Structure formats: C-alpha cells, structure tokens
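So the structure is just underneath, and the comments pick up after that.
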C-alpha cells in the first residue's frame, strides 16, 4: 500500500496529501497541475507550467544557438555580395567617366594622322605638277622617282589615319550607348543594393536577438 506524503501547494499554499508513487496531480484547492520531483530522499512539487517553461527555454536556447551559426555564415555572404556588386558598378561608372578622356585622345591622334598625311601629300602633289607641267607633258622622264619617298610615307600614314578614325567612331558609339543604358543600370543597381541592405539589417537584428537569448 502506498504511503501518503503531506506537502503544500506552491500555487495556493493549500495542504496536499499525495502518495509516494504519484508523478503528476492537480491541487484539490486551486486546481493547478503539478509535477512531483524526487531526489536524495526529498520529495518536492513544481507547477506543471514552470517545468514546461524551462523545457521550452531550453528548446529556444538550442534553436538560437543553431540560428547564430546559420546567420554567422549568411551575413558575411551578403556583405561579400554587396561588395562585389558595388565594385562591379563602380567599374562601369569609372569606364563611363573615362570614355570622354579616351575620345579626346583618339581625336587628337586622328588630327595628328591627318596633319602627317597632309605634310607628305602636299610635296607629292607639287612635285607632280612641276614634273608633268600644266599641259600634262613630262619634263623629266625620271622625275617620278622623286615621288617615291613621299608615296611610301603616304602609304604608311593612310592606315594610321584609318585606324584613328575607327577608334574615334567606336568610342563615340560606346559613349552614346552607355549614356542610354546607364540610368537603367543605375536603377537596377539601387534596387539590388537596397534589397541586400534590407536583408542584412534584418539578419543582423535577428542575430542580436538570438545572441541575447543565449546569453540570458
């Protein structure tokens, strides 16, 4: 036959008589449920909700510890993604700002090529007129030989001029294209960075909350 043990209800203070083998019971006075704890020959009772709260606190702490590990990886990844996008956009912006400088240099090279070509083309034309004459009759059968050095130089200058003209045209097309695309890219970039910043702020706040919960 089980022995009775007299205890006081921790909730209302009422006297309770419980058997030595009972594990859980409800107070006859206030109706609250309690757990019976035994250890070292001592029997005590604890409100059931207190036990559940402690169990829940332990579960929450474990969940927070796992969340801290997860967030400690996710936050640096987001920061790295933000830095990568910032670097990429800054490179595009720098290239766009540098294009006018490149165009200016290319135009100067084009002008230089035109001048060099003109310097050597003018003597060739003058020598041709002097040798052939106004009526088209050659005064010196070998006079055309004096043209050769100038013609050779002209032939080397023409490709340079062509290359310079193409470079200017190419850079000007790029500038025109980027000037149209840049506002759209800037808008897209702002949205992406804004989303990353918002996500970062939420995760940092979440991390702080979990760290406080673990430290409590």
Can you tell me which residues in region 193-203 are touching a residue at least 60 places away in the same chain (Cβ under 8 Å) and exposed (fewer than 14 other Cβ atoms within 10 Å of the Cβ)? 197
Based on what the data block shows, is residue 101 exposed (fewer than 15 other Cβ atoms within 10 Å of the Cβ), out of contact with any helix residue (DSSP H, G or I) (no Cβ under 7 Å at 6 or more places or on another chain) and at pLDDT below 75? no
Checking 180, 153, 148, 129 in turn, the sole residue that is at pLDDT 55 or above and surrounded by 14 or more Cβ atoms within 10 Å (Cβ to Cβ) turns out to be 153
Qualifying position, being in a helix (DSSP H, G or I), loosely packed, with under 12 Cβ neighbours inside 10 Å and at pLDDT below 90, among 58, 87, 13, 51: 58
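The values are calculated or read from the model by the stated rules, or taken from the named source; none is laboratory data. This one's a predicted model, so the numbers in the text were calculated from it and none came from an experiment. With ideal geometry, Cβ positions are generated from the backbone for all residues, glycine too; neighbour counts draw on all protein chains shown.
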